Amino acid sequence: MMITSLNWEDFKILIKQSVREAIEELTINTKQIPQNTSKPLSRKEAASFLQISLPTLHSYTQRGLIKATKIGKSIRYRIEDIEASLLTKKAGGKNG
């Protein structure tokens, strides 16, 4: 393990780069689900698709980062809504 000293600007650049790489990886994963999928994803499917935990998905939903739809007592996520949130985040939109 190597420990180095970073100034504040270098640290911010490193964090931004890491976040960009993570967003790009998530964007690539959107190509793995067929675009004609009309069936909304369950919480578990959406979390798996985004490669995040269920608590993180819940947090993102509560914060308005990802739009959820309530169907009866179930929460569902449309692929289009997930992709839109990824694109908004990648473009530096709200919360970005």
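Any read-out appearing in this document is the output of simple, stated calculations on the displayed coordinates, not a laboratory observation. Note that this is a predicted model, so its numbers are computed, not measured. Cβ sites come from the backbone with ideal geometry, for glycine too, and all protein chains shown count toward neighbours.
Values as computed for the structure displayed
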quantity: Separation in nanometres of the label points that stand 7 Å from Cα toward Cβ, at Glu83 and Ser59; calculated: 2.7 nm
quantity: Rounded FRET efficiency, nearest 0.05, which uses the C-beta distance separating Ile71 from Val19 and R0 of 30 Å; calculated: 0.40
quantity: When each of Lys39/Lys73; Lys39/Lys67; Lys12/Lys67; Lys16/Lys70; Lys39/Lys70 is checked by Cα-Cα distance, pairs over 23 Å; calculated: Lys12/Lys67; Lys16/Lys70
quantity: Net +/- balance of residues flanking Lys70 in space, Cβ distance below 14 Å, scoring K and R +1, D and E -1; calculated: +4
